[in-house]
2 protein chains.
Amino acid sequence: MTVTLADVAARAQVSPATVSRVLNGNYPVAAATRERVLKAVDELDYVLNGPASSLAAATSDLVGVLVNDIADPFFGIMASAVQAEIVGPGGRAGGERLAVVCNTGGLPERELTYLTLLQRQRAAAVVLTGGAVENEEHIAAVAAKLRRLTEAGTRVVLCGRPPVPDTDTVALTFDNRGGARQLTEHLLSLGHRRIGYVAGPEERTTTRHRLEGHREALAGAGGPTPDDLVVHGPYDRASGYTATRELLGRAPDLTALVAANDTVALGACAALREAGLRIPEDVSVAGFDDLPFSVDAVPALTTVRLPLSEAAARAGRIAMDREAAPEGGVDEVRGELMVRGSTGVPREA
Amino acid sequence: MTVTLADVAARAQVSPATVSRVLNGNYPVAAATRERVLKAVDELDYVLNGPASSLAAATSDLVGVLVNDIADPFFGIMASAVQAEIVGPGGRAGGERLAVVCNTGGLPERELTYLTLLQRQRAAAVVLTGGAVENEEHIAAVAAKLRRLTEAGTRVVLCGRPPVPDTDTVALTFDNRGGARQLTEHLLSLGHRRIGYVAGPEERTTTRHRLEGHREALAGAGGPTPDDLVVHGPYDRASGYTATRELLGRAPDLTALVAANDTVALGACAALREAGLRIPEDVSVAGFDDLPFSVDAVPALTTVRLPLSEAAARAGRIAMDREAAPEGGVDEVRGELMVRGSTGVPREA
DNA sequence: TTGAAAGCGTTACCAA
DNA sequence: TTGGTAACGCTTTCAA
C-alpha cells in the first residue's frame, strides 16, 4: 500500500541502506546514485516513516515546548521564536524538526505528564518556558524527570525559570527581581507613595521574585511594604481586573499600580477605566513583559536589552546546539526583564 | 539500558503481549494480571517507546495544528482550544495526544512542508486554522496532500477556511462576508459615510470575504466603494499602523475605520492616537475576532453566537471523533464571526 | 484470558 | 562508495 524505503531502493536500483543515506545526508554517496535515488523518491512520492526512523535511530525530530498558557501572547511569542530556531540548517520552511507545544496551564501535574509524553516520544529537546511552581515535592519530581530525559539524550533548556541543580540542563533566566525593583523605584521617583501591586499566583518563581524586587524598592525608600496593597491572582486579564477593583476598594487613594505582567495590566486598566479613573492622569499603571498590545494600553517606560523573542530564540538555539550554551552545563544566562508602563505624576503631588 | 516492554513482562511474569494489552486497555485482561503488570511498570519506571508503538500500530498520537501565526492571540486561542479537546477521555492532564503546533507564517510552502512533516509522523489528525491562501496551484497542492493524509488514516479538519472539494475532510467555516457586512452597515446606520478599510493580505480567503461584505454594505447604501479607502497589508499590528497613516493621508475626513482583524485594529488605534485623534469621538474603529485585549482598545460592538474558542474546540472534537462531524464528510458548519468595535457618531454628522 | 511469533520500516554496523 | 542484515521495541493476529 504505502510506499516504503525498499520500494524506492528497488526503483533506484540501490540498497535500502543507500536510500537511507541519501535521505539523511550523513554519509557520502556518489552524486549519480544520489540523483537516481532522489528521482525515485520523487516519482514514487515517497514520505519517510517517522516512527520507524525514530525507532531505529533512537531519537525523534520532535522538540517539546512547555508553556503555561499558549493563549497568552507572551508564550505565543516564545513558542514562535523557539520554533523559528529549531528548523534545520538552511532555515528551510518547516525544517526537519517539529515543535510540540504543550499547554500546562501552570498546573504541576500537567507539566509532569507532558514531560513523560515527550520522553515517550524520545523528543530531541525540551524547552520549558515561564516561571516555575515553587513546591518542594514538584520541584523534586521535575528534576528527576529532567534527569531521566537528559540521560536519554534529550536536550533540556529552561527559559525564564531558575536552573535545576544536578541536571545537565541549561537555564536562561530573566532578572525579575531587578526589573521589579527598577519599576517601583521609577514610580517612587515620580512621587508616588501609595502603589498597588497586582501579583501573580502564589508559589511561582516569577511572582515571588518580582514581588521581592518591588518590596526592595519600597524598603529602600524608607517605608515598609503595606501588605494590604498587594493582591495575588492568576496571570490573566480577569485577575488583573478583579484585583484592581479589590485594591481600589481598599485604598481609594492609590496613585500607581504595578501589574505582575502585561496581560494582568490590561485587566487592571479595564477596571480603572470602569471606575472612571484616567490612565495615567489619575492612576499610573506599569506592567512587565513586552507584548505588542501593551504598547497601546501602557506606553513604554523602560527599554530592555534582550527582547522576549530574542531570549526565546536563544533558548531554541541552545536546545539544538550544545555549542550555543554557556560553558558548563547548568549555567545561567542573564537576560533583561521587559518593563513597560504608563507613568505620570501622582494626583496632588 | 532503557527499560522495555520485555523487562516489564519479565518482572510481571507475563508475556509482552499482555503488557501491551494492559497499557493500551483495548483487550480484556484479568484484574490480577493487570495489577501485577501495572506494579511492574511502576517499579521499573517504565515509559512506553512512542516511535516503536507508532510503527507497529501504524498511527501516532500526534495531532497537528497549523496556524498562521502562533504569536497572534487569535491563533493562540485556537491552538489552546484544540489542544484541550484532543486529550484522551477523562480529560486527564496532557492526555495521550500531543498537539504539534506548526507556524506557517501564512506561507504556502511552509504549509505544505508542515503537512508533509505531519504525514511523515503519521499524525492521528490535522487541524488547519485560519484563512487559506487563494492561489490555484497552491490550493491544488494542498488538496492533493490532504487527500493523501486522509487516505493514510489521518483525520483532517479545516477551521476558518473553505471546504476542500473531493476530500474526506470536514470544514468549520465562519461567516466572514456576513460579519463584515453587518459591521459596515452598523457604521453606516450611525451616519458614517467616509469609512476607511484596512484589509488583510491579498490572496487570502478571509481578506476577500470580509472585503466583499464591506462592499456589499456600501453598495446597499447606494454608494460605490471608494477604492482609495481600502489598503491591504499583513494581519499584524504594524500593518494596521502603517495602513491607517496611509488612509489618514488620503482621506483626512474619514470618520470610521474597519480593520480586518483585532491585531490590525490595535495598530490602527495607535496610529490614530499618534495623529491626535480620539477614539471613538473623532474616528470610530471596528475590528473582527474576539481577542481579550481588544476589549480595552475597542469596546464591544456586536455580540457573537459562536465564540472563537468554542469554534476551535469543536474543530478539535471533530478531529478526534468522526461522530462529532456534521453528516457527510465534506460538510460545512456555519459559525458566527466575531465583530467588535468602538463606535460613535461621526464628527459633524 | 494469555502466549508465541511474525511483522512494522528504518538505521547503522560490518563487509565488500 | 555500496550492500547485506541484524537490531530497534512494540502491536497484533493466530493458537492454545
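The values are calculated or read from the model by the stated rules, or taken from the named source; none is laboratory data. Quick caveat, the model's predicted, so the values are computed rather than measured. All Cβ positions, even for glycine, are placed from backbone atoms using ideal geometry, and neighbour counts span all protein chains on display.
Any residue that is among the basic types (Lys, Arg) and at pLDDT 90 or above - is there at least one of those in segment B:133-146? First the steps, then the outcome.
To start, the set of residues in segment B:133-146 that are among the basic types (Lys, Arg) comprises B:145.
Next, from what is left, pick out any that are at pLDDT 90 or above: B:145.
Yes; the residues of segment B:133-146 include at least one that is among the basic types (Lys, Arg) and at pLDDT 90 or above.
Considering only helices (runs of 4 or more DSSP H) fully contained in segment A:1-80, which possess at least 2 residues that are farther than 23 Å from B:SER54 by Cβ, more than 14 Å from chain B (Cβ to nearest Cβ) and within 14 Å of DNA strand C (Cβ to nearest atom)? Even if it seems obvious, please write down each step before you answer.
Working: elements: A:5-12, A:16-24, A:31-44, A:50-57.
In segment A:1-80, the matching helices (runs of 4 or more DSSP H) lie at A:5-12, A:16-24, A:31-44.
Among A:ALA140, A:ALA152, A:ALA84, which is facing chain B (nearest Cβ under 7 Å) and surrounded by fewer than 22 Cβ atoms within 10 Å (Cβ to Cβ)?
On the way: A:ALA140 fails: facing chain B (nearest Cβ under 7 Å); A:ALA84 fails: facing chain B (nearest Cβ under 7 Å).
The unique qualifying residue is A:ALA152.
Does B:HIS192 meet the test of being under 30 Å from B:GLU137 (Cα atoms), buried (at least 16 other Cβ atoms within 10 Å of the Cβ) and at pLDDT below 95?
Values: under 30 Å from B:GLU137 (Cα atoms): no; buried (at least 16 other Cβ atoms within 10 Å of the Cβ): yes; at pLDDT below 95: yes.
When the stated conditions are applied, B:HIS192 does not pass them.
Mind counting the residues in segment A:195-225 that are farther than 30 Å from A:ALA125 by Cβ, touching a strand residue (DSSP E or B) at 6+ places or on another chain (Cβ under 8 Å) and either at pLDDT below 90 or not in a helix (DSSP H, G or I) (or both)?
Of segment A:195-225, the ones farther than 30 Å from A:ALA125 by Cβ are A:195-199, A:202, A:211-225.
From the residues that got through so far, the ones that are touching a strand residue (DSSP E or B) at 6+ places or on another chain (Cβ under 8 Å) too are A:195-199, A:202, A:211, A:214, A:218.
If we keep only those that are either at pLDDT below 90 or not in a helix (DSSP H, G or I) (or both) as well, we get A:195-199, A:202.
Total satisfying the criteria: 6.
Looking at segment A:142-160 only, could you name the residues that are outside any helix (DSSP H, G or I) and of a type outside the set (S, T, N, Q)?
Within segment A:142-160, the first condition is being outside any helix (DSSP H, G or I), and the residues that meet it are A:152-160.
Listed by number, the residues that qualify are A:ALA152, A:GLY153, A:ARG155, A:VAL156, A:VAL157, A:LEU158, A:CYS159, A:GLY160.
Out of curiosity, is B:THR263 more than 25 Å from the chain's Cα centre (by Cα) and polar (S, T, N, Q)?
Working: more than 25 Å from the chain's Cα centre (by Cα): no; polar (S, T, N, Q): yes.
Against the criterion (more than 25 Å from the chain's Cα centre (by Cα) and polar (S, T, N, Q)), B:THR263 does not qualify.
Checking B:LEU115 against (1) at the interface with chain A (Cβ under 7 Å from one of its Cβ atoms); (2) buried (at least 24 other Cβ atoms within 10 Å of the Cβ); (3) among the aliphatic types (A, V, I, L, M); (4) in contact (Cβ under 8 Å) with a residue 40 or more places away in the chain: exactly one of these is not met. Which one?
Of the numbered conditions (1) at the interface with chain A (Cβ under 7 Å from one of its Cβ atoms); (2) buried (at least 24 other Cβ atoms within 10 Å of the Cβ); (3) among the aliphatic types (A, V, I, L, M); (4) in contact (Cβ under 8 Å) with a residue 40 or more places away in the chain, the odd one out for B:LEU115 is (1).
Restricting to segment B:1-47, name every residue that is of a type in the set (Gly, Ala, Ser) and loosely packed, with under 14 Cβ neighbours inside 10 Å. Talk me through it step by step, then tell me what you get.
Taking segment B:1-47 first, the residues of a type in the set (Gly, Ala, Ser) are B:6, B:9-10, B:12, B:15, B:17, B:20, B:25, B:30-32, B:40.
B:ALA6, B:SER15, B:ALA17, B:GLY25, B:ALA30, B:ALA31, B:ALA32 - these are the residues of segment B:1-47 that are of a type in the set (Gly, Ala, Ser) and loosely packed, with under 14 Cβ neighbours inside 10 Å.
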